[in-house]
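First up is the structure itself, then whatever we jot down about it.
The values are calculated or read from the model by the stated rules, or taken from the named source; none is laboratory data. Here the structure is a predicted model, which means the values were calculated and not measured. Cβ sites come from the backbone with ideal geometry, for glycine too, and all protein chains shown count toward neighbours. Side chains are part of the model used for accessible areas, which takes the heavy atoms of the whole protein and leaves out ligands, DNA and RNA. Shrake-Rupley method; radii C 1.70, N 1.55, O 1.52, S 1.80 Å.
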Amino acid sequence: MNRIVKKERFSEKVVRLDVEAPLIAQSRKPGNFVIVKIDDKGERIPLTIASADTERGTITLVVQAVGHTSARLCAMEEGETIAHVVGPLGRPTDIRNYGTVVCACGGVGTAPMLPIVEAMKKAGNRVIVVQAARTKELIILEQQMKQWADEVVIMTDDGSYGTKGLVTNGVENVIQREKVDFCVTIGPAIMMKFVSLLTRKYDVPTIASLNTIMVDGTGMCGACRVNVGGETKFVCVDGPEFDAHQVDFDQMMTRLGAYRDLEAVEMRKPLR
Amino acid sequence: MTEDRNASWREELRKSMKPKERTAIERVPMNELDPVLRARSRDEVNQGLTAEQAVTEAKRCLDCGKPSCMEGCPVNIDIPGFIKNIERGEFAEAARVLKKTSSLPAVCGRVCPQEKQCEGSCIHLKMNSKPVAIGNLERFAADFERNSGKASLPECRSSNGHKVGVIGSGPSGLSCAGDLIKMGYEVTVFEALHEIGGVLKYGIPEFRLPNAVVDAEIETLRRLGVKFVTDCVVGKTVSVSQLREQGYECLFVGSGAGLPRFMNIPGENLINVLSSNEYLTRVNLMDAGNPETDTPVFRGRKVIVVGGGNTAMDSVRTALRMGAEKATIVYRRSEEEMPARLEEVHHAKAEGVEFLTLHNPIEYIGDDKGRVKAVRLQKMQLGEPDESGRRRPVEIPGAVEVLEADMVVVAIGVSPNPIVPSSIEGLNISRKGTIVVNDDMQSDSIPTIFAGGDIVRGGATVILAMGDGRRAAAAIDAYLSR
């Protein structure tokens with residue numbers, strides 16, 4: 001169990017791992033996440049499931065090295081075993097036939113968007129993916145997206161691929177061009193905040209998948225709490241997806257920085 | 001009734017000392033680490049009794065014909081039976097007596113609120129003397145056996161072929177699993193976390209209950225044949241209906257505490273304001289205080305812990321051990337109403353914890369980086385008793401003060417974990433989110449589902465949870481032997 005059967009490096013800091021986890025592969029739904037603890041010393045970190053193969057009994061995780069544990073996970077090789085993988089956690093995405101759905105994603109948020117794109121398409125939606133990255137090399141999973149999406153719009157900060165601009169520019173173009181009924185956004189908090197501000201302007205209902213700090217991930221510690229519509233919600237059991245227009249992204253970003261100073265100290269240590 | 005009270009050794013023992021001589025012996029105090037030293041170390045505060053001390057304390061027990069202490073015990077331990085074995089020097093036999101009814105004697109001897117249970121019903125109290133130190137003696141016998149390396153296994157009935165699943169490996173689940181395996185059931189325990197033990201591991205700190213003690217008790221259950229599956233969230237990884245398909249005829253749900261309660265006051269989501277569950281889990285389960293581990297934990301210098309229960313005491317004493325210069329309990333009622341065990345309050349005070357009672361936080365104030373830097377406190381006074389029988393705290397108008405704090409731990413309780421109950425279709429759940437059960441801990445809506453501990457009570461003690469597990473095991477046995 002939990003053996004890494006395939007590893008692919010997307011960029012310097014981002015890898016794709018296929019991990020043996022037959023039970024999770026079977027029960028996971030788009031939007032679900034897992035908690036991973038790589039060994040005795042590892043932290044418990046939440047990772048959204050990018051896809052699953054029920055025949056091979058594997059789940060796919062796309063991991064970015066941000067902390068000590070994620071850096072060590074990115075350094076693991078095929079054949080190695082992750083000590084603990086638990087899930088699928090969180091509520092699945094509310095998949096329905098909305099009409100036209102824009103899926104706005106960036107960074108490693110692109111990976112968990114993939115199963116949502118697939119499910120939205122299968123539910124009968126017209127699906128337009130707007131996927132963004134700093135530069136061409138950081139655009140991931142484009143071909144897989146094209147397999148399901150009616151259209152994939154690529155945006156890069158430096159214009160090295162697709163259209164030069166931010167994800168919000170791409171989304172706004174689509175909204176101005178045609179009627180959009182629903183929007184899903186996954187990516188860095190700052191990106192989701194601006195997508196949310198944009199779609200609010202155009203009155204497009206939007207959900208955002210939040211990736212907060214968690215410890216247990218099963219509704220016990222409260223580290224993941226966010227303010228949604230003035231109420232405290234727990235991302236691990238109430239989420240991870242919420243009405244983006246109600247999320248207090250500024251508070252969420254502050255809370256994401258809770259351990260930044262400590263983490264910086266950790267990251268200077270050599271990897272074990 | 002204790003089974004071998006009429007055994008000849010026991011009768012002789014009773015006759016060997018007059019009751020007056022027994023009651024004249026002073027209660028032996030627990031050996032404790034020095035408060036100044038221990039407040040900076042993870043070592044266990046209570047050091048246990050020596051064999052000599054244990055025998056002396058055991059002599060104080062009058063071996064009553066109708067032992068009232070047993071009525072005070074939620075798991076009905078044969079109290080005089082094990083104590084008299086200590087008195088005659090048969091320590092291993094004392095441990096065997098304990099194990100007949102308790103799956104976790106070394107744990108109970110440490111964390112039970114004995115003053116409210118067995119010791120609270122001891123005959124000595126009626127004679128105006130201190131009760132027999134039943135908890136300390138229980139701990140002594142269990143520790144003796146564990147350290148002897150010759151742990152006996154309780155007798156098990158031969159397999160009856162029935163399969164029962166236990167959801168959650170905290171005190172209620174372990175106790176239920178222990179009883180069921182002894183009755184001949186095939187038992188598998190499903191745990192969501194990566195370690196077995198539930199609150200005994202993530203919640204109760206090392207200085208009060210060392211993990212090694214918990215692991216030894218779990219090892220006993222393993223040797224008896226209990227199977228453990230970690231990293232398995234029932235309701236997520238596998239569903240209850242899948243477990244039924246796999247042949248589990250009954251399920252015991254002991255999935256425990258869930259979401260921590262907050263007060264919904266301004267500033268509660270500032271950095272370094274966290275629940276006791278998060279703080280204790282980081283330090284206990286994740287060992288975040290150890291520089292060798294990846295999990296971070298903030299080391300507050302001026303720490304405020306909100307609440308007056310055992311979890312609040314555990315949190316505030318943990319903060320000291322994590323290097324706090326000042327650690328303060330803030331509680332809205334007076335010390336008299338505190339739900340924490342007296343021993344924990346005494347220990348905390350001896351270690352230098354400050355107590356600010358009749359104060360209630362109304363706002364947390366942050367710095368420019370969104371980290372808490374102070375707390376605004378409303379002073380309170382006691383009014384008329386409320387539904388809990390305790391005097392209700394009432395605000396003193398205008399009496400507000402500000403206290404500096406770089407870390408706040410909120411320990412005001414938890415609500416039941418929603419994952420398992422919400423995943424079972426047709427299960428009757430109360431408004432508070434607890435599973436509704438009858439006196440046999442059996443769900444009133446689905447007869448093959450039993451439940452106990454915090455998922456039924458909302459918030460309870462280790463021993464009440466263990467009592468639930470025990471009652472549920474008996475009820476499951478009755479149900480499956482119909």
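So which residues of the range A:8-31 lose at least 10 Å² of accessible area, probe 1.4 Å, when you go from the chain by itself to every protein chain present?
A:Leu23, A:Gln26, A:Ser27
When Cβ neighbours within 10 Å are restricted to other protein chains, what is their mean count per residue of peptide A:71-78?
The per-residue average across the peptide is 0.
Rank B:Ala151, B:Ala374, B:Gly203 by how far each Cα sits towards the positive end of the charge dipole of the protein assembly as shown (+1 on Lys, Arg Cβ; -1 on Asp, Glu Cβ) and give me just the farthest.
Among B:Ala151, B:Ala374, B:Gly203, the one farthest towards the positive end of the dipole of the protein assembly as shown is B:Ala151.
Quick one: accessible surface of B:Ser158, probe radius 1.4 Å, all protein chains present, in square angstrom to the nearest 10.
That residue has around 100 Å² of solvent-accessible surface.
Find the accessible area per residue for chain A; the probe is 1.4 Å, ligands and nucleic acids are left out, and the unit is Å².
40
Given a 1.4 angstrom probe, I'd like the percentage of the accessible area of the range A:2-89 that is carbon and sulfur, rounded to a whole number.
Accessible surface attributable to carbon and sulfur in the range A:2-89 totals 43 percent.
What are the lysines whose alpha-carbon lies under 22 Å from the alpha-carbon of A:Lys13, with same-chain residues fewer than 8 places away excluded?
Straight-line reach from A:Lys13, under 22 Å: A:Lys37, A:Lys41, A:Lys136, A:Lys269.
Just to confirm the number: angle between the C-alpha axis of helix A:110-122 and the first principal axis of chain A, 0 to 90 degrees, nearest 10?
50
Carbon-plus-sulfur fraction of the accessible area of chain B, 1.4 Å probe, in percent?
Working: 9460 of 19360 Å².
After summing per-atom areas, the C and S share lands at 49 percent.
Per DSSP helix of 4 or more residues, -39500 (n - 2.57); summed, then divided by the residues of chain B. What does that give at 222 nm, rounded to the nearest 500?
Estimated from H runs of four or more residues: -9500 deg cm²/dmol.
Only Lys, Arg, Asp and Glu count, each charged at its Cβ (+1, +1, -1, -1), so figure out the dipole size of the range A:2-89 about its Cα centre, rounded to 20 debye.
On the way: 13 positive and 12 negative charges, 47 e Å.
Computed about the Cα centre, the dipole is about 220 debye.
Indicate the gyration tensor shape class of the range B:205-293 (rounded, prolate or oblate), computed on the Cα atoms with a ≥ b ≥ c the square roots of the eigenvalues: a/c under 1.5 is rounded; otherwise a/b larger than b/c is prolate and the rest oblate.
oblate
How big is D for the range A:118-245, in µm² s⁻¹ as a whole number, if Stokes-Einstein is applied with the Kirkwood radius of its Cα pairs at 4 °C and 1.567 mPa s?
D, rounded to a whole number, is 82 µm²/s.
I'd like the distance between the alpha-carbon centres of the range A:111-156 and the range B:126-178, rounded to an integer number of Å.
56
Could you list the GluC sites (Glu not before Pro) in the range B:374-482 that lie in coil according to DSSP, counting only those with at most 14 other Cβ atoms within 10 Å of their Cβ?
When the GluC sites (Glu not before Pro) of the range B:374-482 are filtered for loop state and at most 14 Cβ neighbours within 10 Å, B:Glu387, B:Glu425 remain.
What does the accessible area per residue of the range B:3-148 come to in Å², with a 1.4 Å probe and no ligands, DNA or RNA counted?
Each residue of the range B:3-148 exposes 45 Å² on average to a 1.4 Å probe.
Suppose every Lys and Arg Cβ carries +1 and every Asp and Glu Cβ carries -1, with no other charges. What dipole size does the range B:430-482 come out with about its Cα centre, to the nearest 20 debye?
That gives the range B:430-482 a dipole magnitude of about 120 debye.
Remind me, relative contact order of the range B:3-148 in percent, using alpha carbon pairs under 8 angstrom and six or more residues apart?
Worked out over the range B:3-148, it gives 26 percent.
Can you give the FRET efficiency for B:Arg88 and B:Ser159, using 1/(1 + (r/R0)^6), R0 = 41 Å, r = Cβ-Cβ distance, to the nearest 0.05?
After rounding to 0.05, the efficiency reads 0.70.
With axes computed from alpha carbons, what is the tilt in degrees of helix A:167-177 against the longest principal axis of chain A, rounded to the nearest 10 within 0 to 90?
Compared with the principal axis, the helix lies near 30 degrees.
Taking the Cα centre of the range B:3-148 as origin and charging only Cβ (+1 Lys, Arg; -1 Asp, Glu), how large is the dipole, in debye to the nearest 20?
Dipole magnitude for the range B:3-148 comes out near 300 debye.
Which one, B:Gly89, B:Gly168, B:Val226, projects farthest toward the positive side of the charge dipole computed for chain B from Cβ point charges (K/R +1, D/E -1)?
B:Gly89
In the Gaussian network model of chain A, springs joining C-alpha atoms below 10 Å, which of A:Gln176, A:Gln147, A:Gln131 carries the largest mean-square fluctuation?
Maximum among the listed residues: A:Gln176.
Calculate, axis by axis, the spread of Cα positions in chain B along the three principal axes, and write the results as whole Å, longest axis first.
Projected onto the principal axes, the Cα atoms of chain B cover 73, 61, 50 Å.
On a C-alpha basis, how far is the centre of the range B:359-387 from the centre of the range A:67-110 in Å? Whole number, if you could?
Cα centroid to Cα centroid, the span is 39 Å.
Toward the positive end of the charge dipole of the protein assembly as shown, about the Cα centre and with charges on Cβ (Lys, Arg +1; Asp, Glu -1), which of B:Pro35, B:Val306, B:Thr318 goes farthest?
Of B:Pro35, B:Val306, B:Thr318, it is B:Pro35.
Just the number, please: Stokes-Einstein D of the range A:2-89 in µm²/s, Kirkwood Rh from C-alpha pairs, 25 °C, 0.890 mPa s.
So the translational diffusion coefficient is about 195 µm²/s.
At 0.36 nm per residue, and after removing the present C-alpha to C-alpha distance, how many nm does the segment from B:Ser388 to B:Met127 gain when stretched out fully?
91.0 nm
Only Cα pairs under 8 Å and at least 6 apart count here; give the relative contact order of chain B as a rounded whole percent.
Details: 1020 pairs, mean separation 71.7, N = 482.
Relative CO of chain B lands at 15 percent.
Once whole DSSP H runs in chain B are found, which of them have Cα atoms spread over 15 Å or more along the helix axis and a mean Kyte-Doolittle score of at least -0.5?
TM-like helix candidates: B:91-101, B:171-182, B:211-224, B:310-321, B:462-480.
Rounded to the nearest 100 Å², what's the accessible area chains B and A bury against each other, both chains counted, probe 1.4 Å?
Numbers: alone 21150 and 12770 Å², together 30360 Å².
Looking at B and A, the buried total is near 3600 Å².
With a 1.4 Å probe and all protein chains kept in place, how much accessible area does B:Met70 have, in Å² rounded to the nearest 10?
30
Counting every Cα pair in the protein assembly as shown, what percent are over 47 Å apart?
Cα-Cα pairs in the protein assembly as shown separated by more than 47 Å: 24 percent.
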